[in-house]
Amino acid sequence: MLVYPSGIDVSSSALRFLAARLREHRRVLGTRWRRLSVGRQALLALAHLRNGHTYAQLAAGFGVGITTVYRYVTEAVELLAALAPTLAEAVRTASMKAYLILDGTLLPIDRIAADRPFYSGKHKKHGMNVQVIADPKGRLLWASPALPGAVHDVRAAREHGVIDALAEAGIDCWADKGYQGAGGTVRVPYRGRWESLSAGQQAVNRAHAKIRALVEPAVATLKSWRLLRKLRCSTTRITSLVQAVLSLHLASSD
């Protein structure tokens with residue numbers, strides 16, 4: 001395999017943050033020697049998450065075995081995932097915001113037609129449903145554990161306790177038509193064909209769409225980590241990957 005220099009469009013603060021966590025983890029374990037330093041291990045994990053490089057590619061680039069790459073990446077992901085904010089923590093952080101925006105996104109996976117639980121009828125592809133909460137400026141605040149793609153957004157929000165948590169905190173939340181009937185403080189647009197809506201309802205829906213569109217940068221932030229654009233791992237690992245990406249994003253944006 002040919003090896004060539006490459007770059008990762010991630011801030012140096014993310015690298016320092018992950019390296020510090022790995023250094024502390026090694027100290028707790030009493031590790032004396034590893035094939036890679038904490039800085040190189042952090043760089044390896046970031047290359048996997050940000051660029052989606054395979055274990056074989058990373059093994060060739062870093063001069064270690066594929067098994068070593070798997071262990072190093074898994075260790076880094078688990079450390080980062082444990083640092084991700086819970087829903088309760090995210091709601092407390094957002095308690096001073098004027099409102100929040102809730103949306104669901106599908107992370108594509110490599111599944112076949114027989115895997116019906118993972119098939120999203122809305123997106124016409126297999127994937128995992130992840131709920132995203134953004135602030136009024138479109139900044140990513142929280143991402144949920146991953147559920148099979150067949151799960152509708154409103155059901156996913158209920159299962160994660162998002163609707164109840166926002167209602168209890170008294171935080172207004174804007175969402176799209178996929179959250180009809182959610183209740184609580186979740187605000188959705190009027191249903192029906194555009195021409196059947198009154199002038200007032202059309203005006204409300206236009207204003208609602210402008211506000212809700214602010215969630216798109218948060219979703220884009222999540223998917224800027226290329227590994228999440230087409231996941232080829234076990235579905236049981238996807239939640240950890242999402243939480244790891246969330247932790248890195250929040251740490252580098254502080």
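The local environment of Leu83, defined by Cβ-Cβ distances under 12 Å, has a net charge of -2 under the rule Lys, Arg +1 and Asp, Glu -1. Look at the alpha carbon pairs under 8 Å that are at least 6 residues apart: their mean separation over the length of the stretch 16-130 gives a relative contact order of 17 percent.
Rg over Rh for the stretch 94-145 works out to 1.14, using Cα positions for both radii and the Kirkwood form for Rh. In the context of the full set of protein chains, residues of the chain present 51 Å² of accessible surface per residue (probe radius 1.4 Å, heavy atoms only).
Whole-Hz Karplus values for the stretch 132-142 come out as 10, 10, 10, 8, x, 9, x, 8, 5, 10, 7 Hz, taken residue by residue from phi with 6.51 cos²θ - 1.76 cosθ + 1.60 and θ = phi - 60°; glycine and proline positions read x. Each other residue within a Cβ distance under 15 Å of Gly61 adds +1 if Lys or Arg and -1 if Asp or Glu, for a net charge of +3.
Can you give me the % of accessible surface on the chain that is carbon or sulfur? Probe 1.4 Å, all protein chains present, nothing else counted. Heavy-atom surface of the chain belonging to carbon and sulfur, 1.4 Å probe: 55 percent. Of the options Leu58, Ala182, Gly39, report the single residue whose Cα projects farthest towards the positive end of the charge dipole of the chain (beta-carbon charges: Lys, Arg +1; Asp, Glu -1). The residue sitting farthest along the positive end of the dipole is Leu58. Close amide H pairs (under 5 Å, H built 1.01 Å from N) link Ala146 with Thr239, residues at least 5 positions away or on another chain. Taking every alpha-carbon pair under 8 Å whose residues sit at least 6 apart, the chain reaches a relative contact order of 24 percent. The residues neighbouring Lys223, those whose beta-carbon lies less than 11 Å from its own, together hold a net charge of +2 under the Lys/Arg +1, Asp/Glu -1 convention. Peptides 173-183, 142-152, 190-200, 54-64, ordered by how many other C-beta atoms sit within 10 Å of their residues on average, highest first, read 142-152, 173-183, 54-64, 190-200. DSSP beta bridges fully contained in the chain are about 75 percent antiparallel. Close amide H pairs (under 5 Å, H built 1.01 Å from N) link Lys125 with Ser120, residues at least 5 positions away or on another chain. Start at zero, step by 10 Å, and the Cα-Cα distances of the chain spread as 7, 28, 31, 21, 9, 3, 1, 0 percent across the bins.
Ordering 125-133, 221-229, 96-104, 44-52 by mean Cβ neighbour count within 10 Å, with the highest value first, yields 125-133, 44-52, 96-104, 221-229.
The values are calculated or read from the model by the stated rules, or taken from the named source; none is laboratory data. Being a predicted model, the structure only gives us computed values, none of them experimental. Cβ coordinates were reconstructed from backbone atoms using ideal geometry, including for glycine residues, and neighbour counts include every protein chain displayed. Ligands, DNA and RNA are stripped out before the accessible areas are found, and what is left, the full protein with its side chains, is counted by its heavy atoms. Shrake-Rupley method; radii C 1.70, N 1.55, O 1.52, S 1.80 Å.
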